[in-house]
Amino acid sequence: MEPPAPNPGHGAGRPMATRPAPCTVRSPVALQVGDVKTDLARPGVAVIDVALPPAQPLDLQEIVFKNSYTAFLTVRVQRRHPCDVGRASARKWVTCLWNHCLMPSPHTEAGSQDYFSLFRHQLLCDVDQVTAVRLILRQPSPVWLHFTLEELRLYPRGQQSLQTDFPSWLSHLAPQQQPENLHGGVPDPEKVSTEVQQLWVLTEMIRANQTAARIGRFDVDGCYDINLLSYT
Amino acid sequence: MMLEQDTGLSLAIAQIVQRLKGSSLHSQLERQARGSLHKPEIKLESLKEDIKDFLKTSGWEKRLQNAVYSELNVFPSPCHPAAPPEHMKEPLVYMRKAQGSWEKRILKSLNSMCTELSIPLARKRPIGEQKELFNKWNEMGTDEPDLSLFRPVYAPKDFLEVLMNLRNPNYENGDQPSFRNHLGLIQVPLKVKDIPELKDYFSELGLNTGQLGIDDSTQVPPELFENEHVRVGQTVLTEQDSAAAQQYVRQGCPTALRAELWALILNISNQPEDVKLTASNDDYYFVFEDYLYQVLLCFSRDTSVLEHFSYNSATPPKSYIRGKLGMEEYAVFYPPNGVIPFHGFSMYVAPLCFLYHEPSKLYQIFREMYVRFFFRLHSISSHPSGIVSLCLLFETLLQTHLPQLFYHLREIGAQPLRISFKWMVRAFSGYLATDQLLLLWDRILGYNSLEILAVLAAAVFAFRAVNLMEVTSLAAAEAVLADLSTLKVMPLLQIFLFATVT
């Protein structure tokens, strides 16, 4: 029996392209009143500016980052409007995310080093034709020495960051069942179950199994002579 | 967290399905489904629906539900796809590093002990010794090898020293006392629950809810609570519903039903596993010591335990056979289950011997308890049930509710955690009377959390506060708290959480 061709997928079912949009992420700039060098008080607010290549405005799909002790995040974007063509005037900044909480309890660790995704449908405004992104970080607790965001990536529309190998059946959880065409008589149940079984085995073979088979043995070639433990 | 709702759910479903695929339940379900094809009520035109109905009525759907529920309890929620695998073990980088250093210390200690004593870590038993072991399998407790030269790999005291020195490099750890420094021994800023949150979390322990351990005492007529509670327990067992059982045991297990209820919650099937334990049918020879040896020896060789390292911050030690250092095809884990035990480790098993007399069941229960709960008591992590959080929770509760006592003990050089640490690391095993310990472990299972250990530790200090206020040294404080064998766990917890005036 011919193995069934893998379903090309409807988004889920194969690894996604993981190409973030090219951009320049500047280091965070603390907003501070007074002399940065001599002032002892922590500012608690920092700004990260992200510049996109000038002629390539981005239709933003997703923002992904790893937190590093930031408590609240505000995101503002600058967009290009059709009527802006030819005009050199300053473009408006629009807030698309306001005071999003990353650390529910800013004096404590929860959320401090977690990974986050912000999707376009979670944002307050339209994020098409974006030319610049500004992330405003707030950390009201004075106990942390530094706070920032790391591994910041912007994903354009049509590409998502999810690399997970979703099995294709997940996108067909409640498929429309067509009634079986029984023109040629009732098929043999044994044959049906054998075919189902073969299909199943082949599906398993197609999907790479991540964990090694647990055979319960721990020796290698029947040998388990160990002298010392390894430090690496 | 922060993932789009649907994708998070899909991810969780996919992961659970992936894990259940390799299980024996899966093959059993397949076999049942295939077997059902012969039944007259299964019609080809509605094959899928009929098989689903069959699985429901025959109880197999319930078993699948229990397996899914078990997976949800044991495994953490799926991480963000961008997160590396070590993030699921432990999200905070400095904690991972601390765990790594601690492990290295243990490895060095083991290696130097082996070098000093000139013994290999592992070798195949000579034939004579194998025969001897086989013959003496049921009497192992009485015939110990000479262990006098072996030091315990580490004691809880050593571990506490490591936890005391844990620091977040991004935290303002000044030398000057300030609001940033904690007054206790633990200096990492983990989020722990306060009393209002604990009252809400442990709401079933409240004054208006019946409890075993309080409302089944001889003075209370059994019609008021106990009889009904037992009846409900029997219903839960008949229904074989894991989730219901977990909710039920929050009010305590009737002694006669406890073994089955725990097995249901931990999703241990009644099928005997292929564990190489010889079942001793001789009741007169029943000695716990034998069971402990058997269970722990088998545990150390059980490679299925390695799976829990995906969510444990610890990493199993590695070695290479035949001296082939660095060559991956000769790499093995040591011990085979990756868990190096410490002084007092057998105390995790001993209480279970009162519940399970069949060695295979005893073993499976212990293994499941270990990979769900006990491993958190001796690895460094930021998990709310991890030992670091428990220590901080204990210290915070004591400071908040007994500030005078806390201050006094600190002043006399008797930091409370120095005394309570050993209780929590052993989940109170060996310190409480067995019936009280089992009532406590009922709640660990019921709430799927070890936080109750920290609350009990604080409640014990509260109970003995008057005596403790009069001591003037650490040794005297230890003496006041040396004997916990007369304590009644549930009244202590209830009073501390729900009846203490703050």
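A few points about this structure:
- Beta carbons closer than 6 Å, at least 6 apart along the sequence or on distinct chains, pair a first residue in the stretch B:30-55 that is more than 12 Å from every other protein chain (Cβ to nearest Cβ) with a second that is in a helix (DSSP H, G or I) for B:Gln32/B:Trp60; B:Phe54/B:Ser36; B:Leu55/B:Glu61.
- Residue within the stretch B:73-94 that is of a type in the set (S, T, N, Q), assigned to a helix (DSSP H, G or I) and under 28 Å from B:Arg372 (Cβ atoms) present: yes
- Of the set (1) closer than 21 Å to B:Trp60 by Cα; (2) more than 9 Å from every other protein chain (Cβ to nearest Cβ); (3) at pLDDT below 85; (4) in a helix (DSSP H, G or I), all apply to B:Ile13 but (2).
- All of (1) modelled with pLDDT under 85; (2) open to solvent by 70 Å² or more (accessible area, probe 1.4 Å); (3) within 13 Å of chain A (Cβ to nearest Cβ) hold for B:Pro145 with one exception: (3).
- Some residue of the stretch B:159-179 being assigned to a helix (DSSP H, G or I), open to solvent by 40 Å² or more (accessible area, probe 1.4 Å), within 18 Å of B:Met490 (Cα to Cα) and without any contact (Cβ under 8 Å) to a residue 12 or more places away in the chain: no
- Checked against (1) of a type outside the set (D, E, K, R); (2) open to solvent by 10 Å² or more (accessible area, probe 1.4 Å); (3) within 10 Å of chain A (Cβ to nearest Cβ), B:Phe342 meets all criteria but (3).
- The stretch B:301-320 - residue that is facing another protein chain (nearest Cβ under 10 Å) and under 22 Å from the mean Cα position of the chain (by Cα) and, of those, farthest from B:Val371 (Cα to Cα): B:Pro317
- In the set (1) over 30 Å from A:Tyr224 (Cβ atoms); (2) open to solvent by less than 30 Å² (accessible area, probe 1.4 Å), B:Glu45 fails one condition alone, (2).
- The criterion of at least 2 residues that are polar (S, T, N, Q) and either touching a helix residue (DSSP H, G or I) at 6+ places or on another chain (Cβ under 7 Å) or at pLDDT below 90 (or both) is met, among helices (runs of 4 or more DSSP H) falling completely within the stretch B:202-317, by B:242-248, B:288-300.
- Those residues of the stretch B:36-79 which are more than 27 Å from B:Gln15 (Cβ to Cβ) and hydrophobic (A, V, I, L, M, F, W, C), in sequence order: B:Leu37, B:Ile42, B:Leu44, B:Leu47, B:Phe54
- Verdict on B:Gly323 being surrounded by fewer than 17 Cβ atoms within 10 Å (Cβ to Cβ), out of contact with any Asp or Glu (no Cβ under 7 Å at 6 or more places or on another chain), more than 14 Å from chain A (Cβ to nearest Cβ) and modelled with pLDDT under 85: no
- Any hit, the stretch B:84-100, residues being within 30 Å of B:Ala263 (Cα to Cα), more than 10 Å from every other protein chain (Cβ to nearest Cβ) and in contact with a helix residue (DSSP H, G or I) (Cβ under 9 Å, 6 or more places away or on another chain): yes
- Every residue from the stretch B:448-502 that is hydroxyl-bearing (Ser, Thr, Tyr) and open to solvent by less than 10 Å² (accessible area, probe 1.4 Å): B:Ser449
- Count - residues of the stretch A:66-96 that are over 15 Å from A:Gln129 (Cα atoms) and either part of a helix (DSSP H, G or I) or modelled with pLDDT under 95 (or both): 5
- The residue that is modelled with the lowest pLDDT, counting only those in the stretch A:29-60 that are open to solvent by less than 30 Å² (accessible area, probe 1.4 Å) and within 20 Å of the chain's Cα centre (by Cα), is A:Leu58.
- The criterion of being under 19 Å from A:Pro20 (Cβ atoms) and either crowded, with 16+ Cβ neighbours inside 10 Å or at the interface with chain B (Cβ under 8 Å from one of its Cβ atoms) (or both) does not hold for A:Leu102.
The values are calculated or read from the model by the stated rules, or taken from the named source; none is laboratory data. What you see is a predicted model; the values in this text were computed from it and never measured. So basically every Cβ, Gly included, is an ideal-geometry build from the backbone, and we count neighbours across all protein chains shown. Just the protein is used for accessible areas: all its heavy atoms, side chains included, with ligands, DNA and RNA removed. Shrake-Rupley method; radii C 1.70, N 1.55, O 1.52, S 1.80 Å.
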